[in-house]
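K.L.:
Before I ask anything, let me first share the structure, which is written out below as structure tokens.
The values are calculated or read from the model by the stated rules, or taken from the named source; none is laboratory data. In this text the structure is predicted, and so the values were computed from the model without any measurement. Counting neighbours? That spans all protein chains shown, and the Cβs are built from the backbone with ideal geometry, glycine included.
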Amino acid sequence: MSLLEVKDLSIHFGGVKAVQNVSFNIDAGIVYSVIGPNGAGKTTLFNLITGVYKPTSGEIRLDGEMIQGKSPNELAERGVARTFQNLQICMNMSALENVMVGAHLRLDRNLFKAALRWPSLRRRDNALREEAAELMKFVGLDQYIHARSDAMSYGVLKRLEIARALAMKPRVIFLDEPAAGLNPKETIEIDRLVRKLADSGITVVLVEHDMKMVMNLSDRILVLDYGKKLTEGTCAEVRTNPDVIAAYLGAHA
Amino acid sequence: MQKNTYLGLGLVIAVLWVLPFVLPNSYYMDLAIRMSINAIIVIGLNLLIGFAGQISLGHAGFLGIGAYASAVLPTHFGFHPLLAMAAGAAATAVIASVVAKPIFKLKGNYLAMATLGLGIIINIALRNEAQWTGGPDGMAVPAFALFGFELNSDKQWYWVVAALLVISVWASLNLIDSPFGRALRALHGSEVASQVVGVNIVRYKVSIFVLSAVFASLMGSITAHYIGFVTPNFADFFHSIELVTMVVVGGMASVFGSIIGAVLLTALPQALATFEGWETVVFGSVLMLCMIFLPKGLVPTLAAKFGKGD
């Protein structure tokens, strides 16, 4: 059984059919990429699977459990993590605190213990501070551990989002265009980081426009166009598929 | 907690400790007590507004519930003042949590309108239930007695209120720097980001709304006992606005800013008393200037300027 099974998934916004009858399976431990031209429905697909949108119809199963329509926080409890194409960093918090928020579900969230500075809660929180700093090092943000998040650059914040997602100790992580807007050097660093994530046993689902990165990293690729599944397969299969070439280069190419 | 916050807490304790020995007369003592009471309410409200990024324009309503619980229950039903205070807080918690769920489906202006309406409803209820509350004329509040010891002098009240203020500051600082507090600040920073890491945002908004309402209710009870008389003005809409202004002027998301905001805006009307009739104009101008030149509020602006955060 696959880790994630998506069957006939659709969502309509008024008359716009953003995702239509898309089905695919993702096995545990692989790097799975979703590609397609702008507006193909990639981010919408991510939003559906991570609970930000509720599907109009279709099924999503995580380890066999139906998860469509569940809220993002319920999915977080099941080990689903994600990053955002348009950054979602809490600018009112330090960089390290942003990462610490990622560990929300693993902590004692009791209000009264917090107000009373309960020793076990403090101990756990201090340990987490160390752990969050380690995660920031893991994603290559060693020099930003004491930084304010609103003083950090775009490319750096992209990696901060990944560190926050990792603090959840997720089983599967959805990366929405982690290399978008990055310079070539930063792109290579992200490329390496995604590889490190995959090697650590986390299933990675990737939306990315950088084809070199996609072909380099992916075990399997799903191609979307106009909200529909165009094809799905290994890098070699997708690269030579005439429909994919048509979608990217125009129908008569 | 960082070094600066310890420093701030120490400073608050030191000032509160020294104050009664340097204040020249009971007028200033009274002012200090009312500043401290407001400071506690504003700290609670700042948790909601400044840290969690939500708004309430009805907090005076909760203050009114606490105040009237402490007036009505001992007078008409023979409740012990402490029990009446607890009953007021419990009633506030129930009302706040019942209305919070639908209210926090709203955002921005709509949330402001809903909380404003809630405050006004409470105010109207207090005005109209004259057989219990004395209506617009208000009613006397029995003295606060504990173990046969009656709180009546300004000095005694001062120490009680000062102790409560120190506890509030300490507890709020702890709260902010905890998993609960981080979740609150995260949902302020980005709701969707906090949700995908597992924060149940509605639950957190409701919890902090109820907590700040209970803060207001408890201090409403204290105020009622201290002044010895309650009127529906406790729960007035303008009182709610005043509290929000204290949060904004002192500084959003700053515990120490809450204290400064409460101190300044409690003192301001007194200082303006000589302007006879023009107080409101001066008051309004001060607020406008503050909004224009110190949009983040006094304490965060100054802290940034001198390179020290809290």
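K.L.:
Check every one of the helices (runs of 4 or more DSSP H) wholly within the stretch B:100-217 and list those with 2 or more residues that are over 28 Å from A:Leu105 (Cα atoms) and touching a Ser or Thr at 6+ places or on another chain (Cβ under 7 Å).
P.N.:
Working: elements: B:108-128, B:130-133, B:154-176, B:179-189, B:191-196.
Answer list for the stretch B:100-217: B:108-128, B:154-176.
K.L.:
OK, next. Could you grab the pairs with beta carbons closer than 8 Å, sequence gap of 6+ or different chains, first residue in the stretch B:200-226 and over 10 Å from B:Leu63 (Cβ atoms) and within 14 Å of another protein chain (Cβ to nearest Cβ), second one of a type in the set (Lys, Arg) and assigned to a helix (DSSP H, G or I)?
P.N.:
From the stretch B:200-226, the pairs are B:Val202/B:Lys101; B:Val206/B:Lys101.
K.L.:
What strands (runs of 3 or more DSSP E) lie completely within the stretch A:26-103 and have 2 or more residues being in contact with a strand residue (DSSP E or B) (Cβ under 8 Å, 6 or more places away or on another chain), away from chain B (no Cβ under 14 Å) and surrounded by fewer than 20 Cβ atoms within 10 Å (Cβ to Cβ)?
P.N.:
Details: elements: A:31-35, A:57-62, A:80-82.
Correct list: A:57-62.
K.L.:
If you don't mind, another one. When residues of the stretch A:194-218 are filtered for being among the hydroxyl-bearing types (Ser, Thr, Tyr) and either in contact (Cβ under 8 Å) with a residue 60 or more places away in the chain or assigned by TED's automatic domain parsing to the domain that holds A:Lys137 (or both), how many remain?
P.N.:
We begin by selecting, within the stretch A:194-218, every residue among the hydroxyl-bearing types (Ser, Thr, Tyr); these are A:200, A:203, A:218.
When the remaining residues are screened for being either in contact (Cβ under 8 Å) with a residue 60 or more places away in the chain or assigned by TED's automatic domain parsing to the domain that holds A:Lys137 (or both), the result is A:203, A:218.
Of the residues in that region, 2 qualify.
K.L.:
Of the residues in the stretch B:228-237, how many are among the acidic types (Asp, Glu) and in a helix (DSSP H, G or I)? Don't jump to the end; show me each part of the working.
P.N.:
Taking the stretch B:228-237 and keeping what is among the acidic types (Asp, Glu), we get B:236.
Pick out the ones that are also in a helix (DSSP H, G or I) and you get none.
The total comes to 0.
K.L.:
Something else now. Identify, by number, the condition in (1) away from chain B (no Cβ under 13 Å); (2) surrounded by fewer than 20 Cβ atoms within 10 Å (Cβ to Cβ); (3) not in a loop (DSSP other than H, G, I, E, B) that A:Lys113 doesn't meet.
P.N.:
Unmet for A:Lys113, out of (1) away from chain B (no Cβ under 13 Å); (2) surrounded by fewer than 20 Cβ atoms within 10 Å (Cβ to Cβ); (3) not in a loop (DSSP other than H, G, I, E, B): (1).
K.L.:
Against the definition (surrounded by fewer than 20 Cβ atoms within 10 Å (Cβ to Cβ) and closer than 30 Å to B:Leu19 by Cα), how does B:Ala145 come out, yes or no? First the steps, then the outcome.
P.N.:
Values: surrounded by fewer than 20 Cβ atoms within 10 Å (Cβ to Cβ): yes; closer than 30 Å to B:Leu19 by Cα: yes.
So B:Ala145 passes the test.
K.L.:
Go through (1) in the same structural domain as A:Glu208 (by TED's automatic domain parsing); (2) more than 21 Å from A:Glu177 (Cβ to Cβ) one by one and return the number of the condition A:Tyr53 breaks.
P.N.:
(2)
Here's the yes/no breakdown for (1) touching a Leu at 6+ places or on another chain (Cβ under 7 Å); (2) not charged (D, E, K, R):
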{"position": "B:Ile176", "(1), (2)": "no, yes"}
{"position": "B:Gly181", "(1), (2)": "yes, yes"}
{"position": "B:His188", "(1), (2)": "no, yes"}
{"position": "B:Glu191", "(1), (2)": "no, no"}
{"position": "B:Val197", "(1), (2)": "no, yes"}
{"position": "B:Asn200", "(1), (2)": "no, yes"}
{"position": "B:Arg203", "(1), (2)": "no, no"}
{"position": "B:Val206", "(1), (2)": "no, yes"}
{"position": "B:Ser221", "(1), (2)": "no, yes"}
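K.L.:
Give B:Pro74, B:Pro102, B:Pro81 a once-over and let me know the one that is of a type outside the set (S, T, N, Q) and surrounded by fewer than 18 Cβ atoms within 10 Å (Cβ to Cβ).
P.N.:
Among B:Pro74, B:Pro102, B:Pro81, only B:Pro102 is of a type outside the set (S, T, N, Q) and surrounded by fewer than 18 Cβ atoms within 10 Å (Cβ to Cβ).
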